[in-house]
Structure formats: C-alpha cells, structure tokens
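The values are calculated or read from the model by the stated rules, or taken from the named source; none is laboratory data. Values in this document were obtained by computation on a predicted structure and should not be read as measured data. Areas reflect the complete protein model, heavy atoms only, side chains present, ligands, DNA and RNA absent. Shrake-Rupley method; radii C 1.70, N 1.55, O 1.52, S 1.80 Å.
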Amino acid sequence: MVAAGVAVLGWGEWVNRRWSRTLVGDRGGGTEAVVVLGYRNPQATANVVNRWRVRVGLRSLTVDGAEGGRLIFSGGAVGSGVAEARVMAAYARSVLKFDGPLFLEDRSRTTWENITNVIPLLEDADRIKIASQPAHALKARAYLRRQRPDLAARLVRAEDYRFGEWTVVKPLLGLYGLRTLRVLRTDEREPRP
C-alpha cells in the first residue's frame, strides 16, 4: 500500500515536471512578459488556486519593470462579478506587495480567450512565460502556438513546477493534464473558430 502511494506521488511529480518543460525554449533577451492565468473565483478575494498562481507569476518574473519585465493577469468574471485578473492583481499588490508594472486582461472566459486577448500585450516581449499549473500552462502554450507561432517561439519555462510543492495534489493535476492533452489532440483535428 505504501509503495503504491509513493508510486502515485512520484508519477504526479514526474508528469507535472515534464509538462512544465514542454513547448518552451531557452530564449534570451531583454524584455519579458509573464502571463498569469486565472481560475474560477467565486468571491471577491483570491482563492487558494489564484493565490498560488500569483506567487508562481511573481517567482517567474526574472526581469524587473525598469529592465523590461511585466506581469499580465488574465481572466474575466467567471465565478463571480469580479474579474479573476482584478482579484489576482489586488492580491499581488496588497498582500504580496508587488509594485512592478502589471497589466490586466479582464474579458476572457476560457483559456483560448486568455491567449487571444493577451496577444497584444506580448508583441514586444523577447521572452514569454505562462504561469498556471503545469498542465494548464501547457494547454495555453499550445493555444499560443496555434494562434501565433511567431510569439510561441518566444516561450520559456515559468517557475510553475517545484519538487515537493503540492505533492499530494499533483496526481490529480496529472489526471487533469491527461484529459487536457486528450482534448488538445482532438482539437488538432478540428479547426478553431
């Protein structure tokens, strides 16, 4: 029983690490954009998932605002009357004391729309990072690759995977990721609107 539990946890770590390193390069450059994808938020304050995603976005930002780094929060009002982007930005400013440049995309309701709506904010970035859980970030990177291959060539890894972080939940995130990959493969056969 213990061995099975360790195997499941190990698989969760392995698959999340793998997905965090898929469809990214090691591009350099002076400007950087970190896109933080929102998660359904039923209240006006950031839930545990959005708080974690904001922390991932902040630790992924390697260039400060004065040198060309920017943080982009993306997500509309899906779970409540307040846009996910606004909830995450408020958490970054008030709780985490982030004082660098940030941008809001507060209209999107799906991951496809997240990517579509942030593209104008990515045009001049040398490096692009997408912050979310690894499977969700992989889905968003695949969508950017479909919508704008030229921008997808600028994708680099965000700090969305850390060994031992959320270990107990990673097998569930891995199962979610398998479902996501199945949907992506199906989408490849069907044209996007």
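Listed values, structure above:
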| quantity | calculated |
| --- | --- |
| Structure-based [θ]222 nm, the chain - -39500 (n - 2.57) summed over DSSP H runs of at least 4, per residue, nearest 500 | -15500 deg cm²/dmol |
| Alpha-carbon centroid distance for the pair region 1-41 / region 66-125, whole angstrom | 20 |
| Full-extension gain in nm, Thr31 to Lys97, via 0.36 nm per residue minus C-alpha separation | 21.6 nm |
| The chain: most fluctuating residue of Val15, Val56, Val35 per GNM, C-alpha cutoff 10 Å | Val15 |
| Gain upon complete extension [Arg107, Gln43; 0.36 nm per residue less C-alpha separation] | 21.3 nm |
| Fully extended contour minus Cα-Cα distance, from Tyr176 to Met1, at 0.36 nm per residue | 60.6 nm |
| The chain, accessible surface, carbon-and-sulfur percent (1.4 angstrom probe) | 57 |
